[in-house]
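Here's the structure we're looking at; comments come further down.
Read-outs: derived from the displayed coordinates by stated rules, not from any lab. Just so you know, these numbers come straight off a predicted model, no measurement behind them. In this analysis, Cβ positions are derived from the backbone assuming ideal geometry, glycine residues included, and neighbour counts consider all displayed protein chains.
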Amino acid sequence: MTIGAQLFTLRTYTQTPEDLDYSLGKVAEMGYETVQISAIGPIPAQTVRELCDKHSLQIVLTHTDPGRILRDTETVIKEHEVMGCKYIGIGMMPEKYRHPEWLWRFAEDYKEPAKKIAAAGMLLMYHNHNLEFQKFGGRLVLETLLESFAPEEMGITLDTYWVQMGGGDVCDWLKALKGRIPCVHLKDMAVRGMEPVMAPVGEGNLPWQKILEVLQAQGGTEHLLVEQDICEGSPFDCLEQSLKNLRALGI
């Protein structure tokens with residue numbers, strides 16, 4: 001499994017080619033091998049690829065505008081070919097589908113793009129938050145999504161923090177999703193007073209030794225991606241601390 005940085009963590013510092021270049025340099029200096037492209041500025045795919053190559057960072061996953069995936073699938077595929085990236089991600093379910101009367105339309109709308117992406121040798125990826133752990137008609141939204149797409153049509157980028165926030169057990173869900181999680185987001189949860197907060201991996205309360213043991217034992221996960229949406233202090237420091245803690249755990 002490679003260890004990468006989810007660039008959403010550094011979104012404030014990736015809006016221009018110059019800023020992206022600097023940020024990628026810092027990520028590489030920390031020791032990361034890969035990156036996920038997410039929430040960067042309007043930078044052409046060729047430029048993104050060249051900057052990542054400059055710093056010896058492989059692009060392994062994106063979060064791409066769901067509207068573009070739906071309505072401009074071919075262009076999205078071409079951009080990912082340029083970037084050398086086979087995993088095309090939806091970062092969050094568009095708002096209109098997040099209701100019982102409209103959830104069924106998600107699969108109806110995205111089935112065809114998913115098939116086109118698969119035919120190109122790539123895979124549509126879906127990233128969970130906690131909303132997928134609500135129940136419509138007695139079934140989790142996540143369960144409905146899994147039933148609606150075959151594994152070769154859609155993978156899951158499981159996010160450890162949001163599973164915990166949704167009331168799920170991270171290790172149980174890793175096992176349940178065996179074969180469907182080529183990418184996993186590593187994100188920790190700490191507590192400040194009465195509130196959960198995001199923390200560098202290893203600085204919160206998630207059982208990382210167990211999580212990593214499950215991932216290593218069952219196989220099938222190619223890329224671990226560190227993400228911290230909200231940082232107390234520098235997001236660069238948070239990414240670096242997460243990597244140090246993961247190395248200390250033997251990854």
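Values for this structure:
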item: Gain upon complete extension [Glu74, Arg139; 0.36 nm per residue less C-alpha separation]; result: 20.1 nm
item: Among beta bridges that DSSP assigns inside segment 107-251, antiparallel share in %, nearest 5; result: 40 percent
item: Cross-link reach list, lysines versus Lys116, counting only Cα pairs under 21 Å and skipping chain neighbours closer than eight places; result: Lys78, Lys86
item: Ranking of Met198, Met1 by count of other Cβ atoms within 10 Å, fewest first; result: Met1, Met198
item: Normalised contact order of the chain, rounded percent, pairs of Cα under 8 Å and 6 or more residues apart; result: 18 percent
item: Residue exposure sequence - Arg105, Arg180 - by fewest surrounding Cβ within 10 Å; result: Arg105, Arg180
item: q = 0.15 Å⁻¹, segment 97-224: log10 I(q)/I(0) [Debye, one scatterer per Cα]; result: -0.75
item: Solvent-free Debye scattering, log10 I(q)/I(0), computed from the Cα coordinates of segment 3-142 at q = 0.09, 0.15, 0.17 Å⁻¹; result: -0.30, -0.77, -0.93
item: Dipole in debye (nearest 20) - segment 104-251, about Cα centre, beta carbon charges: Lys, Arg +1; Asp, Glu -1; result: 300 debye
item: Separation of the Lys26 and Lys96 label points, Cα + 7 Å toward Cβ, nm; result: 3.8 nm
item: Debye, to nearest 20: dipole size of the chain, +1 on Lys, Arg Cβ, -1 on Asp, Glu Cβ; result: 440 debye
item: Dmax and Rg, reported as Rg then Dmax, of the chain (C-alpha, Å); result: 17.4, 50
item: Distance histogram for segment 51-123 (every C-alpha pair counted, 5 angstrom bins, percent rounded to whole numbers); result: 3, 15, 26, 22, 15, 10, 5, 3, 1, 0
item: Amide H partners (placed H, <5 Å) of Leu206, local residues excluded; result: Met189
